[in-house]
1. Under the classification rounded if a/c is under 1.5, otherwise prolate if a/b is larger than b/c and oblate if not, where does the stretch 7-88 fall, given a ≥ b ≥ c as square roots of the Cα gyration tensor eigenvalues?
2. Tally Lys and Arg at +1 and Asp and Glu at -1 over the other residues with C-beta under 14 Å from the C-beta of residue 75: what net charge comes out?
3. Going by C-beta contacts inside 10 Å, put 87, 79 in order with the fewest on the left.
4. Taking 0.36 nm per residue of sequence separation and subtracting the Cα-Cα distance, how much length would be gained by fully extending the chain between residue 34 and residue 87, in nm to one decimal?
5. Please order 81, 67, 89 by the number of other Cβ within 10 Å, starting at the fewest.
6. Put a dot 7 Å past each Cα toward the Cβ at residue 68 and residue 23; how far apart are the dots in nm?
Amino acid sequence: MVVAISRMAQMIMTPAMLTATRDAAFMAEVLRRHGLPVLPEEIGFTVDEFVQVVEFAPRTRPGRYTILEHLDLKTHQIKDIYSDYAKAIGS
């Protein structure tokens, strides 16, 4: 699968960002090919519910190090990251 990325996006994205976008799109395409969900809506969650789950997740295992604990993301950051992901996979 070839991911179409606008010329403008290519000019402002770093090589790592371009690679991450292509990788996300490729992985989503593989999952879809096998009938698996790639978005929260595909398993019955709204975007807001998904954001709440990500916010709550670090509290499910107190004292255990997780990347979510380390990142300490705020609500708007989770929404932005999710939006970027949804754009990257073409949804």
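1. Details: a/c = 1.93, a/b = 1.34, b/c = 1.44.
It is oblate, given that a/c is not under 1.5 and a/b is not larger than b/c.
2. Working: positive: 74, 79; negative: 48, 49, 55, 72, 80.
That sum, taken over residues with Cβ under 14 Å, equals -3.
3. On the way: 87 13, 79 16.
Neighbour counts put them in this order, fewest first: 87, 79.
4. Working: separation 53, 0.36 × 53 = 19.08 nm, distance 2.06 nm.
Fully extending the segment from residue 34 to residue 87 adds 17.0 nm.
5. Details: 81 14, 67 9, 89 19.
So the ranking, lowest neighbour count to highest, is 67, 81, 89.
6. The modelled label-to-label distance comes out at 2.1 nm.
Bear in mind these aren't lab numbers, they're just calculated from the coordinates by the rules spelled out. The structure displayed is predicted, hence computed values, not measured ones. Counting neighbours? That spans all protein chains shown, and the Cβs are built from the backbone with ideal geometry, glycine included.
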